[in-house]
Amino acid sequence: RDNPDSHEYRRYMGHKKVVQTDLLPMLINYCNNPELSDVLLRLLVNLTNPALLFFRSELPKDHAGRRTYLDLLEISHTYKEAFVKNSDIWSALAARLQKIMEIDVSLRMEEQSLVLERILVLIRNVLQVPANPQHEKIVDNDISIHDQILWALHGSGLLELILYILSSQYENQYYLHALEITFLIFREQNVETLADSSVQRSTAEKHADEQALITARRLEAAKKLQNLPTARHSRFGGTYVYRNLKSVSDRDLICHKPLERILEQDFSRDKKKIKPNFRLIRDEEKYERQSAFCIRLFLREFCIEILTSAFNNLIRQVRRVLERNHVNNEGSGHDQSYLLWAIRFFLEFNRLNGFKLDLVSEALSAGCIHWICNQIQHDAEMIQADKKKKINWNRRLQLGLQAYREFLQSVQAMETLDDDDIKVLVAKLKSNIFYVVEYREIILQLLLSYNENHFTRYVNLLLMTHCHLLNFILKQAHKIRVYVSLWLTTFF
């Protein structure tokens, strides 16, 4: 029973490093003891919960609350580092999880189902800790703490168990947990970089790295030259003339300043600054980095395995779960966000990795585009209605726009395939997109209702509009070609 305002006991246990020195070693050594391991697992899940969860998913506005939140966030970073140092914990959890999943779903006891769910929640809690580049001081192609966690999950076999949950038709109560873990695994990855990863580095990638290194060395040498001390005192700055820069008297501008200050001349220093508009939505920063080569390789293989064995089943089953939860008023507001992200991410990966329609057929269906459009309309309406949570609704709207745009790009990629059945499917999808009123006018409604106080990343809406118009022009161009060919056949 912690203090709900200051979270005194939780912070005390974090500063005393109880998790690092006691709980994790005990769970590793007593994993075969069901009673003790269950208590330890419950306590670890409680202590590693996201810091934002204790403030009702909203950042505290008062000074004391913000300081408490930052302290809890710093403690969660130490917990994540502890799970890297005690990597044997993942093997122990994988063995426990595999033993439970070998039991038939109908024969599992309630305690075993709870243990399975707690293990998934613990993995989620560890992965959700945001990156701290200032503390880690890492660069691209280096191994971060998050990458080390992913490598430990891969080595222990937990990723294979998560893949089994995503592909199984009998583990539907854990789909949302597995989908959230999948989102956190690929949170920092760029799809294009991931799809281009191969066993051997390409010549273009090597050349790009060499050019980046040469540029960095030149910048460092230029900074050293600027910082070299001069023989003269800074008081004797000298007189310099700006060529092709007129002063008030129509002559070249003359400056009596040191050379360093002249090179950094800023004429807008004394201008009146524009006051910030605090009503605008502050867009959250998306942290993406290029992981180490070995990490990218197994993440690419994990993507391919999900597409091959689990993606279609995942989209179908999760949509059913979300619809059932919506009817029963259950579930959280982020559940739809994870599905929208999965549609966008895996459709883009499939398109860049050699488009294969059978792997993403469930996402390229009329039912899926209908669900995406409904989510976009609902989120756009909730931004206007629920202004206190407009930041959360705006994030979900951006995910919906990205999923819709990737759907259009995948439809455009389907046209390049030489198959009559696929061409018939493309014609049906385009007829729905361009001629059904609710799909046809959704972009126009978003453009007319755009408000900078409510929307961010206007580029997502523009890119979606561009893809929509491009597909429409291509469809009309196909009709024009047919009419021209008929006319030529008739008269010649």
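The values are calculated or read from the model by the stated rules, or taken from the named source; none is laboratory data. Everything numeric in this text was worked out from a predicted model, so none of it was measured. Please note: Cβ atoms are built from the backbone with ideal geometry, for glycine as well, and neighbour counts cover all protein chains shown. Heavy atoms of the whole protein, side chains included, go into the accessibility calculation; ligands, DNA and RNA do not. Shrake-Rupley method; radii C 1.70, N 1.55, O 1.52, S 1.80 Å.
The table below gives the values:
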quantity	calculated
Subset of the stretch 178-228 [open to solvent by 50 Å² or more (accessible area, probe 1.4 Å), among the polar types (S, T, N, Q) and at pLDDT 75 or above]	N190, Q211, T215
Test: residue in the stretch 407-421 that is under 21 Å from the mean Cα position of the chain (by Cα), open to solvent by less than 80 Å² (accessible area, probe 1.4 Å) and closer than 22 Å to L59 by Cβ	no
Residue list for the stretch 29-39, filter: open to solvent by 50 Å² or more (accessible area, probe 1.4 Å) and touching a helix residue (DSSP H, G or I) at 6+ places or on another chain (Cβ under 8 Å)	Y30, L36
Meets criteria (more than 22 Å from the chain's Cα centre (by Cα) and either part of a helix (DSSP H, G or I) or closer than 15 Å to L23 by Cβ (or both)) for V45	yes
Which listed residue, of R42, R56, R66, is open to solvent by 90 Å² or more (accessible area, probe 1.4 Å), touching a Leu at 6+ places or on another chain (Cβ under 8 Å) and among the charged types (D, E, K, R)	R66
Failed criterion for L401 (all others in (1) open to solvent by 20 Å² or more (accessible area, probe 1.4 Å); (2) at pLDDT 85 or above hold)	(1)
Meets criteria (of a type outside the set (S, T, Y) and over 21 Å from R11 (Cβ atoms)) for D104	yes
Enumeration of residues in the stretch 284-305 that are open to solvent by 20 Å² or more (accessible area, probe 1.4 Å), of a type in the set (K, R) and modelled with pLDDT of 85 or more	R300
Pair list, Cβ under 6 Å, 6 or more apart: the stretch 352-367 residue in contact (Cβ under 8 Å) with a residue 40 or more places away in the chain, other residue open to solvent by less than 30 Å² (accessible area, probe 1.4 Å) and of a type in the set (S, T, Y)	L364/S410
Where a residue in the stretch 1-28 is in contact (Cβ under 8 Å) with a residue 12 or more places away in the chain and its partner, wherever it lies, is open to solvent by 70 Å² or more (accessible area, probe 1.4 Å), with Cβ under 6 Å and at least six apart	I28/D88
Neighbours by Cβ (under 7 Å, 6+ apart or cross-chain): first from the stretch 422-447, among the basic types (K, R); second assigned to a helix (DSSP H, G or I) and open to solvent by 20 Å² or more (accessible area, probe 1.4 Å)	K430/K475
Among (1) part of a helix (DSSP H, G or I); (2) farther than 22 Å from Q336 by Cβ, the one test that D418 misses	(1)
Any chance S6 is among the polar types (S, T, N, Q) and outside any helix (DSSP H, G or I)	yes
Of all residues making up the stretch 107-134, the number that are farther than 20 Å from N86 by Cα and assigned to a helix (DSSP H, G or I)	11
Checking V115 against (1) more than 27 Å from T21 (Cα to Cα); (2) surrounded by 14 or more Cβ atoms within 10 Å (Cβ to Cβ); (3) in contact with an Asp or Glu (Cβ under 8 Å, 6 or more places away or on another chain), the condition it does not meet	(1)
